[in-house]
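The values are calculated or read from the model by the stated rules, or taken from the named source; none is laboratory data. On a predicted model such as this, the values are computed, not experimentally measured, just so you know. When we count neighbours, we look across all protein chains shown, and the Cβ atoms used for this are built from the backbone with ideal geometry, even at glycine.
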Number of protein chains: 2
Amino acid sequence: MDLSSFRVQPGPVDLTSHPTSGSPGFDGDKAAGKDALAAVAEELADLQERLVATGRSAGDDAPSVLLVLQGMDTSGKGGTVRKVFGLLDPQGVRVASFGAPTPEELAQDFLWRVARTVPGPGQVGVFDRSHYEDVLVARVRSLASPEEVERRYGAINDFEAGLRAGGTRIVKVLLHISPDEQKERLLARLDDPTKHWKFSPADIDDRALWADYQRAYEIALERTHSEDAPWYVVPAGSKWYRNLVVAQLLRDELRALDLRWPAASFDPDEQRRRLTEQDPLA
Amino acid sequence: MDLSSFRVQPGPVDLTSHPTSGSPGFDGDKAAGKDALAAVAEELADLQERLVATGRSAGDDAPSVLLVLQGMDTSGKGGTVRKVFGLLDPQGVRVASFGAPTPEELAQDFLWRVARTVPGPGQVGVFDRSHYEDVLVARVRSLASPEEVERRYGAINDFEAGLRAGGTRIVKVLLHISPDEQKERLLARLDDPTKHWKFSPADIDDRALWADYQRAYEIALERTHSEDAPWYVVPAGSKWYRNLVVAQLLRDELRALDLRWPAASFDPDEQRRRLTEQDPLA
């Protein structure tokens, strides 16, 4: 499946030109999509084990991958973490969720809490929301001055360039849904008492600012998209399709690391001899 | 399946009386075992979602669960994390692996690095090795004085009692294998270049001290088993059976939390009305 159509192009971004639903580029139904995901899962498991192995043997020199997930409420960030990152070995996964900053966090630069939770060598990290909130909600709700928001685009680019220089591949995903889809999903949450904990009345306040958020996203994507830290706008109206696309994006980043199995630092024949000659209970 | 036969009894522990292989108490083969695990996985997903939901709504008052995994090399600690904790939503899982302590860690009390990695409210944590290494390898290889090792049993009990008082349920698992099984598994690692990274010549040095390690385990289990932080000795010769037993132990801890879905802090009807009356693109 060709994912390049979801990749943001340099220059101004128009989100209305990006689909929010359907399964563009995939020739199959939901069942076929789940089969395709299972195949990607197998490759992900192999690639991630190589990454973990490299982390064990190369230590701080081992690379890592960070996937940033952004999107409006109900766009499926949590579901994507569960269904895509749940395919990986939890030993090599680092999940970070970013809610409203605490007083301690507010006392620091906006990147402070983010820098503390980036994936370590050999890890795959995922951000459920991220430092992008600091140029999205911060802009829409004037939580920071226009000058400060302006400064942050550059600070984000510098921060991500530093991560990349340190061996972290970065891919950024906007889960794109329509306001109608959000309405349906919010109503479904309200209808199901086991989903009430996911709902907040503030979600409806934010929804009233839909156009402002879309504009803030367009500006953020334009200002922070780069060859080394690209943005993808993924149609997220269909959950199985969203999972498949994000899993493939993650797989492509892991593939790009071109990971080999670490070479043995010992002679296997000698160790085999030691082992067979030994009687531990003698 | 009745797991009580694996539970350590108060008093002296004799590991030779605990099976290392087979599928005691389970009436079925490997395929049936995998089906049984799938059923446990469904219940785990529901229970864990309640725990995550409770964490979101109750904050620091939310409970948590910690599963401590110990066992000789190749006993399957890593595989258990992958296959059992891989069943959970990664957003609510915290995995900590403990290797040989770093110089920074050695400069602190042995519990320092452990206390920093316990699961937070609403999380399920798993330790791949743990503070028990500080009374196992430390005892066998005299990495600490006998007096210090002696002190540590009490310190561990106090530490775990504190965790429990803070709302963390603790269950401790020894993955029990025979020396013959270990030999087979080490040979398999040596035969497979994609497994070389899991092997270290030091594994064979440790294996020469098999009886000393078993004795150190027996003492540790006797000294640190309690009603509130029990030890289970799980036959780990068969991987599918090991996964099934550990998954059930985890499920039982989650069940014991008796978690309800958090009550809504809003009136669903009112929010439904707000949502349907709103036109975000008006």
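Just one residue in the set B:Glu147, B:Glu133 is at pLDDT 95 or above, more than 11 Å from the chain's Cα centre (by Cα), closer than 18 Å to B:Lys172 by Cα and among the charged types (D, E, K, R); that residue is B:Glu133.
Restricting attention to the stretch A:121-155, which residues are small (Gly, Ala, Ser) and closer than 13 Å to A:Leu111 by Cα? The answer is A:Ser130, A:Gly154, A:Ala155.
The combined condition, being β-branched (Val, Ile, Thr), in contact (Cβ under 8 Å) with a residue 12 or more places away in the chain and more than 10 Å from chain A (Cβ to nearest Cβ), is not fulfilled by B:Val84. Quick one: count up the residues across the stretch A:114-170 that are touching a Gly at 6+ places or on another chain (Cβ under 9 Å) and assigned to a loop (DSSP other than H, G, I, E, B). Selection size over the stretch A:114-170: 8. Within the set B:Arg189, B:Arg151, B:Arg223, B:Arg164, the sole residue that is touching a Phe, Trp or Tyr at 6+ places or on another chain (Cβ under 9 Å) and surrounded by fewer than 18 Cβ atoms within 10 Å (Cβ to Cβ) turns out to be B:Arg223.
Residue pairs whose Cβ atoms lie under 9 Å apart, sitting 6 or more positions apart in sequence or on different chains, and linking a residue in the stretch A:151-167 that is at positive phi to a partner that is assigned to a helix (DSSP H, G or I) and surrounded by 14 or more Cβ atoms within 10 Å (Cβ to Cβ), do not occur here. Restricting the first member to the stretch B:23-47 and to residues that are in a loop (DSSP other than H, G, I, E, B), and the second to residues that are among the basic types (Lys, Arg), the beta-carbon pairs closer than 9 Å and six or more apart or on different chains are B:Ser23/B:Lys30.
Would you call A:Asp258 under 24 Å from the mean Cα position of the chain (by Cα) and without any contact (Cβ under 8 Å) to a residue 60 or more places away in the chain? Here the answer is yes, as A:Asp258 does meet what is asked. The residues on offer are B:Thr74, B:Thr80, B:Thr117, and the sole one that is within 27 Å of B:Arg152 (Cβ to Cβ), over 15 Å from the mean Cα position of the chain (by Cα) and of a type in the set (Ser, Thr, Tyr) is B:Thr74.
Of all the listed residues (B:Asp206, B:Asp212), the sole one being assigned to a helix (DSSP H, G or I) and either facing another protein chain (nearest Cβ under 9 Å) or crowded, with 18+ Cβ neighbours inside 10 Å (or both) is B:Asp206.
Run B:Pro119 past the list (1) of a type outside the set (A, V, I, L, M, F, W, C); (2) away from chain A (no Cβ under 14 Å); (3) touching a residue at least 24 places away in the same chain (Cβ under 8 Å) and report the number of the one that doesn't hold. All conditions are met except number (2).
Residues are listed down the side, and each one gets a yes or a no for (1) touching a Phe, Trp or Tyr at 6+ places or on another chain (Cβ under 9 Å); (2) buried (at least 21 other Cβ atoms within 10 Å of the Cβ); (3) small (Gly, Ala, Ser):
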| site | (1), (2), (3) |
| --- | --- |
| A:Leu3 | yes, no, no |
| A:Asp14 | no, no, no |
| A:Ser23 | yes, yes, yes |
| A:Ala38 | no, no, yes |
| A:Asp46 | no, no, no |
| A:Asp61 | no, no, no |
| A:Leu69 | yes, yes, no |
| A:Gly79 | no, no, yes |
| A:Glu105 | yes, no, no |
